[in-house]
Amino acid sequence: MNAAFWGWLVLLFPLLGSVVIGLTFRVLPARAAGMIGVGAIVAAFACGIAATISLQGEPAESRHVADSLWQYASVGGFQIDLGIYVDPLSAFMVLVVTGVSSLIHIYSFSYMQSDQGYHRFFSYLNFFVFSMLLLVLAGNFVLLIVGWAFVGFASYALISYWYRRETATRAGMKAFVINVIGDIGLYIAAILIFRDLGVIDYGAVFEKAPEVFQTNEWSIVAICLCLLVGAFAKSAQMPFHTWLADAMEGPTPVSALIHAATMVTAGVYLVARAHPLFELAPAAADLTAIVGLVTLLIAGTIAIAVTDLKRIIAYSTMSQIGYMFVAVGIGAYSAGMFHLMTHAFFKALLFMAAGSIIAAMANNQNIDRMKGFGKAMPFTAAMLIIGALALSGFPGTSGWFSKDEILDFAAFRGGWYEIFVVGGFIGAFLTAIYSFRIVFRILPGPPCEETAHLIETGHVVHGEPVNPATGGREDTEVGFPGEEHHIAEQAPGMKIGMAVLGFLALVGGLLQIPGVDDVVTSFLEPTFEDSPLAATHPSVSSAWLGLAEGAVISIAGIALAWWLYVKRPTAPATIRRRFRLLYTLFVNKWYGDQIVDFLVVRPVKGVGSFADRIFEPFLINGLTGGTIATVRSAGGAVRELQSGMLRGYAFLMLSGIVAVALYFLIRSI
């Protein structure tokens, strides 16, 4: 059985799990639904491993398999196959998506156990994973668009999962609308590709593109810019970033799934997949890296200021995705995918640890209220520290190896690309500060009320369910957040998922030690063998120098965070007062929502209001009023003729025949 066979099974299991749970939710016990949901993703992961093994058994030049179930459409030379494309890049993404998703499903099995919508949650979660896998395995741009759209819908369903919470439904709609804008960019790109190349299958497109396009020709640049609209919207890069933090309205496992290995990495995958096109349009590739750099710096400054635990981690996701876009923009494709993998480990871990802490806080997400969890929840505390160390790029952790590999490549390219090195190190310094801002605010110190209750009784607080964003009373009939709150210390499923991710966050970087091994680069080499950029690498000595610089910056950031939040806890307030304008800018998220509201929302509403009050009543109705009256009168006359008398109908038919005969008789004279 070849890799394509296993690729189809990778898609089948999550889809089957979603459908089975969705159709049998009325009779299926909750635990059985959870087991089906978990089993479906674990089975997909196993098939992903089998596909990878099968692929590795082929010669390097043959490690790509295109397979089609059937021809969906064929019109005027336009042929669409329901086909998949399995190569090292798609296999890599399958392993990351299904592997991390399996652990998130195991975590969710315990975390969501008392939720009233347990069946619906796992059906949605399975469908989300299926959608992401369809996006990754698609063999042409049309099927890519289908997967892209499915992911957008599934994210909407999961973000607004607690659909009676107004903030959740708004966040889900916001994410959906912004992603649809990105979808439009992807549609236009596919249309332009077919117009200029006459094909849509990946292999054919990438083979013909160098023969048709000149470097930086306007048409190929336009195609890549349209692809970037889709990539930036899906991956929450500037200026399409405003939906990501609001997506925290979904359950914590949803945050882990969307922000770790799946949805937000789709844009990075798209650029890596379409790298032959971007190398023909270096202007678009440079724009990719610049937007990534701007996003990582802006997101880092916001994460330093906000106090909502999940939103801090969400902004760190924006920042880390920015690093990945820098990587694929400058041609460091393997480094970008390596960071995508390690980020999936430590970011999912951080969200899981945050979920455990938030459950113990009776769903309060404000870090200003949290203290003493180091003693109350030692396992969760240890996992939080591991995740923060990896995110900060602490020496030896996975984030240290992957993040600095990107910056090493930028330094290797030299020239104006040095700006990415400087900006990347500034972003790394900010990352270390806000990562350990979380750690030093939550873990040490005298216990807060909720922590003290956990230490004294061994049980978490079950307060009145309220919306963390508004403080309003919650409707528990749709499962917010269930009658019980579960923490990792007391739920085996949560502990298993976090422990595995904690181990991977620590040791995952050992796959790419400069001068020792390059497992990820070697694995992905057949996909990027056509790229002259991917064939070049920094020297081992420069790579270790970059790692040393990254280590110093990481340790310095952690030390500053310790001084600010442990040694001198009054210092942050003093800094906020002294730099009030900057703090206001950061805590208001650079006024991104307000800018979008001013430039987009209000003008659209204004046009709609004008159409409703003036254009439609006076122009549309006024101009068509006579037509409407004419049609109405004619309709009335026809109704009068419908007497129901057979001889009347016969007379009308005969009259019509006579009239037609007379017409042709007169024409023939």
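The values are calculated or read from the model by the stated rules, or taken from the named source; none is laboratory data. These numbers come from a predicted model, not from an experiment. Cβ coordinates were reconstructed from backbone atoms using ideal geometry, including for glycine residues, and neighbour counts include every protein chain displayed. Areas reflect the complete protein model, heavy atoms only, side chains present, ligands, DNA and RNA absent. Shrake-Rupley method; radii C 1.70, N 1.55, O 1.52, S 1.80 Å.
Observations on the structure shown:
- Looking across segment 10-45, the residues that are among the aliphatic types (A, V, I, L, M) and more than 23 Å from the chain's Cα centre (by Cα) come down to VAL20, ILE21, LEU23, VAL27, LEU28, ALA30, ALA32, ALA33, MET35, ILE36.
- Failed criterion for LEU407 (all others in (1) of a type in the set (A, V, I, L, M); (2) in contact with a His (Cβ under 8 Å, 6 or more places away or on another chain); (3) part of a helix (DSSP H, G or I) hold): (2)
- Within segment 555-584, residues that are over 15 Å from THR301 (Cβ atoms) reach partners that are not in a helix (DSSP H, G or I) with beta carbons closer than 7 Å, at six or more positions or on different chains, in the pairs VAL566/PRO444.
- When we screen ALA175, ALA157 for residues that are under 23 Å from THR262 (Cβ atoms), in contact (Cβ under 8 Å) with a residue 12 or more places away in the chain, over 12 Å from the mean Cα position of the chain (by Cα) and open to solvent by less than 50 Å² (accessible area, probe 1.4 Å), the only hit is ALA157.
- Filter result for LEU277 (open to solvent by less than 10 Å² (accessible area, probe 1.4 Å) and closer than 24 Å to ALA171 by Cβ): no
- In the set (1) surrounded by 17 or more Cβ atoms within 10 Å (Cβ to Cβ); (2) more than 27 Å from the chain's Cα centre (by Cα); (3) of a type outside the set (Lys, Arg); (4) outside any helix (DSSP H, G or I), ASP81 fails one condition alone, (2).
- Candidate set from segment 223-248 (those that are more than 20 Å from PHE278 (Cα to Cα) and open to solvent by 10 Å² or more (accessible area, probe 1.4 Å)); member that is farthest from the chain's Cα centre (by Cα): PRO239
- Residue, nearest to the chain's Cα centre (by Cα), within segment 531-583, restricted to residues that are part of a helix (DSSP H, G or I) and of a type in the set (S, T, N, Q): SER554
- Filtered residues of segment 60-78 (kept if at pLDDT below 75 and surrounded by 12 or more Cβ atoms within 10 Å (Cβ to Cβ)): TYR72, PHE78
Residue-by-condition table, conditions (1) touching an Asp or Glu at 6+ places or on another chain (Cβ under 9 Å); (2) part of a helix (DSSP H, G or I):
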residue: VAL20; (1), (2): no, yes
residue: PHE25; (1), (2): no, no
residue: ALA32; (1), (2): no, yes
residue: ILE36; (1), (2): no, yes
residue: GLY39; (1), (2): no, yes
residue: ALA46; (1), (2): no, yes
residue: SER68; (1), (2): yes, no
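- In segment 323-346, the residues that are closer than 15 Å to VAL100 by Cβ form Cβ pairs under 7 Å with partners that are of a type in the set (A, V, I, L, M) and not in a helix (DSSP H, G or I), at six or more places apart or across chains, as follows: ALA344/ALA260; ALA344/ALA261.
- Listed by first and then second residue, the pairs with beta-carbon distance under 9 Å, at least 6 apart or on different chains, first residue in segment 529-542 and more than 10 Å from ALA332 (Cβ to Cβ), second among the hydroxyl-bearing types (Ser, Thr, Tyr) and modelled with pLDDT of 85 or more, are SER531/TYR333.
- So MET1, is it in a loop (DSSP other than H, G, I, E, B), more than 17 Å from LEU143 (Cα to Cα), open to solvent by 50 Å² or more (accessible area, probe 1.4 Å) and not aromatic (Phe, Trp, Tyr): yes
- Among the residues of segment 440-460, just one is modelled with pLDDT of 90 or more, assigned to a helix (DSSP H, G or I) and either open to solvent by 70 Å² or more (accessible area, probe 1.4 Å) or aliphatic (A, V, I, L, M) (or both), namely ILE442.
- Some residue of segment 342-365 being surrounded by fewer than 24 Cβ atoms within 10 Å (Cβ to Cβ) and assigned to a helix (DSSP H, G or I): yes
- Residue within segment 192-200 that is open to solvent by 40 Å² or more (accessible area, probe 1.4 Å), touching a strand residue (DSSP E or B) at 6+ places or on another chain (Cβ under 9 Å) and in a helix (DSSP H, G or I) present: yes
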